[in-house]
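Below you'll find the structure, written out as structure tokens, and then a few comments.
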Amino acid sequence: MPDHRPDELTSFIPTPPESDFPIQNLPYGVFRSAGAQRHVGVAIGDKIFDCTVAEEKGLLGTPQASRRLFQDGSLNALMGAGQDTWRAVRVQLQGLLTTDSRIREDSETLGQLLVDRKSAAMLLPARIGDYTDFYSSKEHATNVGTMFRGKDNALQPNWLHLPVGYHGRASSIVVSGTPVKRPCGQLKPDDGPPVYGASRLLDYELETGFFIGPGNEMGTPLSIEEAESHIFGMILVNDWSARDIQKWEYVPLGPFLGKSFATTISPWVVTMDALQPFRCPGPSQEPAPLDYLRQKTNFAFDINLEASLTAPGDDPLVVTRSNFKFLYWNMLQQLAHHAVNGCNLRPGDLLASGTISGSTEESFGSLLERTWRGTKPLTLPAGDTRKFIEDGDTVTLRGWAQGDGYRVGFGEASGTVLPAACQ
């Protein structure tokens, strides 16, 4: 069942209006605390409510679930349980955390269920079997196409007809806070043969991603009408990009080493039910998509997104302010297209949006766009400039949907760049 009036829900755990994690949110994550095993929990204020312990105590559980959901140190079992179970568990969690909860005055139980977020080590939220990255922002695709092919040929002929994507590398997905080493590979100078060396044009990409729920059998497509019931929740994604490696390698098969060295994700998975109050119209689509991608109305979510860059010893500079609602191809279309050929998607698979850019320079979702291939360097607070990311720089992505007196936030996806092994 959907949430009751979100603005009427209050928790006995203090959550100020600027908190990312009020009772209206309750995003899921996987954590380890004080040398313990991997546990599943939800963020609430500055605490984590331990779902693994709550299930062991009989406080969580639904008849729909064929097995226990929180005991294997990942969200995969919950993701595979389906929408009815997700909603039933969410209602139980909100009931346990509301101001009239039956556990509020039970200090012994609360001591076992609540963990300080600052003391917990956050881990990848799921066993990610496969990872796909899309290229679904019209503004981003137009900007990049204009740089490399000219304004009259910015979008490739297929772009307005299908969600373009490529298969990424699941093994190099890392959780926020994990350092990222600058990649090495082949680089092609404008005036000579290719050489081997460290990427000099390292970039971030401001993206979101979503985790697959039950999925589909091989050979059985997912329709656009049923796609939403197969999306568990959303995260922030920084699909780091080595622009110089990518430029030389991508013809004719697309991104490879310029992308596969690292992808940083936020640890907290915001559920689709938490985001429903922020549903809004998406961009109009012309020409009309083919029937298997067509909806009565294109939809999106009003989610503020930003990327900041912090140089060593300097203050952060917010480089990008964008919004999820700018995305041309939405998640349902991405999922329906991914499965239309019968490709089997499984619980815990991750699909990312691609860089999300808007129509203004401030909303461009990468340094490639913000500095327009390095021709418009950015000035940092202490006076240094940046065309692309340098060693020691930290890139942090944040996202939130603003409600009436509360916000549904994603936390952050942050990573610091280390020198390349080949330097």
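Total residues in the range 178-188 satisfying the condition of being out of contact with any helix residue (DSSP H, G or I) (no Cβ under 8 Å at 6 or more places or on another chain) and crowded, with 17+ Cβ neighbours inside 10 Å: the figure is 3.
Of the residues making up the range 66-106, those that are more than 28 Å from the chain's Cα centre (by Cα), over 20 Å from His39 (Cβ atoms) and free of Cβ contacts under 8 Å to residues at least 60 places away in the same chain number 4.
Every listed requirement among (1) among the polar types (S, T, N, Q); (2) under 28 Å from Lys138 (Cβ atoms); (3) open to solvent by 40 Å² or more (accessible area, probe 1.4 Å) is met by Ser171 save one, (2).
Could you identify the single residue in Arg346, Arg321 that is in contact with a helix residue (DSSP H, G or I) (Cβ under 7 Å, 6 or more places away or on another chain) and either part of a loop (DSSP other than H, G, I, E, B) or under 19 Å from Thr208 (Cβ atoms) (or both)? One residue alone meets the criteria, Arg321. Would it be correct to say that Thr320 is open to solvent by 10 Å² or more (accessible area, probe 1.4 Å) and on the phi < 0 side of the Ramachandran plot? Spelling it out, it is not the case that Thr320 is open to solvent by 10 Å² or more (accessible area, probe 1.4 Å) and on the phi < 0 side of the Ramachandran plot. As a summary of the residue check, Ile212 satisfies the conditions (1) surrounded by 12 or more Cβ atoms within 10 Å (Cβ to Cβ); (2) on the phi > 0 side of the Ramachandran plot except for the one numbered (2).
For the range 27-44, a residue qualifies if it is surrounded by fewer than 20 Cβ atoms within 10 Å (Cβ to Cβ) and either out of contact with any Asp or Glu (no Cβ under 9 Å at 6 or more places or on another chain) or modelled with pLDDT under 95 (or both), and the qualifying residues are Arg32, Ser33, Ala34, Gly35, Ala36, Gln37. Within the range 393-423, take every residue that is among the acidic types (Asp, Glu) and either outside any strand (DSSP E or B) or more than 21 Å from the chain's Cα centre (by Cα) (or both) and give me the one that is surrounded by the most Cβ atoms within 10 Å (Cβ to Cβ). Here the answer is Asp393. Against the conditions (1) within 19 Å of Ala262 (Cβ to Cβ); (2) not in a helix (DSSP H, G or I), Leu368 satisfies every one except (2).
The values are calculated or read from the model by the stated rules, or taken from the named source; none is laboratory data. Computed from a predicted model, the values in this text were never measured in an experiment. Quick reminder, even Gly has a Cβ in these numbers, built from the backbone with ideal geometry, and neighbours come from all protein chains shown. What goes into the accessible areas is simple: the full protein's heavy atoms, side chains included, and nothing from ligands, DNA or RNA. Shrake-Rupley method; radii C 1.70, N 1.55, O 1.52, S 1.80 Å.
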